[in-house]
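The values are calculated or read from the model by the stated rules, or taken from the named source; none is laboratory data. Quick caveat: nothing in here was measured; it's all calculated off a predicted structure. Reconstructed Cβ throughout: ideal geometry from the backbone, glycine too, with neighbour counts over all protein chains shown.
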């Protein structure tokens with residue numbers, strides 16, 4: 001079977017990095033495949049027309065309006081196509097208060113045209129089936145792999161600030177960093193935590209002004225991946241308080257920097273975690289009292305050693321993910 005991988009693999013975004021890892025894994029294992037090379041919109045269209053007929057199956061990775069053209073072309077040539085769905089544009093735009101009707105319609109068209117919809121985590125698969133029941137029968141999951149070697153080489157040891165919390169997502173409302181601010185403000189009323197600080201990394205968004213109004217917040221904005229890894233290593237606790245998170249490597253990266261992790265129970269990255277305890281999870285990202293109590297517990301204790309030991313690195317590797325993808329391909333061949 002010759003798989004044709006279609007998607008951005010060069011922009012260094014999360015979805016692009018996933019696409020790149022599949023390309024690299026196919027190349028590493030010397031398995032037959034081809035991928036979309038062109039970056040120009042018109043050249044990509046021509047390349048789809050040229051490469052698609054000789055392919056066995058097409059994997060469309062990530063959101064792109066050009067996917068609609070590619071999926072229709074796949075139907076014309078009677079080639080099955082998978083849509084690797086890294087997130088839900090329609091839902092995320094609403095949460096982030098930037099709804100886009102054109103993107104919403106485009107995404108729904110892709111869902112309709114795809115033969116299989118592959119969510120990047122089990123949690124995201126469950127969410128898609130609940131919110132798009134008309135496509136329930138063709139939704140499954142292909143969990144993102146983890147490049148453990150690269151992460152471990154990147155994770156540098158650094159002296160930690162004992163009363164420090166870090167979160168990523170900038171001013172994006174779906175990350176609910178503003179609620180982390182409110183929880184820390186409550187903790188800082190106690191003498192023990194009066195010097196507690198929060199570092200926020202990421203682009204500006206609808207919540208940025210409110211987040212920056214807190215005196216204990218250090219908003220570093222968008223930083224390089226290398227700088228982000230250094231920041232993880234310098235902080236005691238990483239908090240991901242998202243109300244919606246299809247996957248995201250940030251909690252794993254923080255763990256490898258020996259940083260404790262508090263993560264929302266809806267985060268797709270939990271698909272690669274082993275056993276977790278109640279104190280590791282945020283059940284309600286809107287509950288300031290829960291956030292404050294669980295942050296306090298982890299500032300006074302730790303969980304990163306236990307969580308790292310519980311992860312099965314072989315089962316979460318990209319080599320394992322490629323095997324999963326090949327098994328899925330057999331279901332439509």
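Only one of the listed residues (74, 46) is over 22 Å from the mean Cα position of the chain (by Cα) and loosely packed, with under 15 Cβ neighbours inside 10 Å. That residue is 46. If only residues of the stretch 212-232 that are outside any loop (DSSP other than H, G, I, E, B) and in contact with a helix residue (DSSP H, G or I) (Cβ under 9 Å, 6 or more places away or on another chain) are counted, the one that is modelled with the lowest pLDDT is 225. When restricted to residues that are in a helix (DSSP H, G or I) and either in contact with a helix residue (DSSP H, G or I) (Cβ under 6 Å, 6 or more places away or on another chain) or within 28 Å of residue 147 (Cβ to Cβ) (or both), the stretch 297-333 contains 22.
Output the residue which, of all residues in the stretch 166-203 that are part of a loop (DSSP other than H, G, I, E, B) and touching a strand residue (DSSP E or B) at 6+ places or on another chain (Cβ under 6 Å), is farthest from residue 236 (Cα to Cα).
Step one: list which residues in the stretch 166-203 are part of a loop (DSSP other than H, G, I, E, B), which gives 169-172, 176, 188-190, 194-196, 202-203.
Okay, now just the ones that are also touching a strand residue (DSSP E or B) at 6+ places or on another chain (Cβ under 6 Å), so 195-196, 202.
Values: 195: 13, 196: 11, 202: 19 Å.
The residue in question is 202.
Scan 118, 128, 163 and give me the residue that is touching a residue at least 40 places away in the same chain (Cβ under 8 Å), touching a helix residue (DSSP H, G or I) at 6+ places or on another chain (Cβ under 9 Å), not in a helix (DSSP H, G or I) and not assigned by TED's automatic domain parsing to the domain that holds residue 259. Only one candidate qualifies: 118.
Table: residues versus (1) surrounded by fewer than 20 Cβ atoms within 10 Å (Cβ to Cβ); (2) over 24 Å from residue 62 (Cβ atoms); (3) not assigned by TED's automatic domain parsing to the domain that holds residue 198.
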residue: 235; (1), (2), (3): no, yes, no
residue: 238; (1), (2), (3): no, yes, no
residue: 269; (1), (2), (3): no, no, no
residue: 278; (1), (2), (3): yes, yes, no
residue: 284; (1), (2), (3): yes, yes, no
residue: 294; (1), (2), (3): no, yes, no
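Are any of the residues in the stretch 188-199 assigned by TED's automatic domain parsing to the domain that holds residue 296 and within 21 Å of the chain's Cα centre (by Cα)? Taking every residue of the stretch 188-199 in turn, at least one turns out to be assigned by TED's automatic domain parsing to the domain that holds residue 296 and within 21 Å of the chain's Cα centre (by Cα).
Of the strands (runs of 3 or more DSSP E) contained entirely in the stretch 1-79, those carrying at least 3 residues that are without any contact (Cβ under 8 Å) to a residue 40 or more places away in the chain fall at 33-35.
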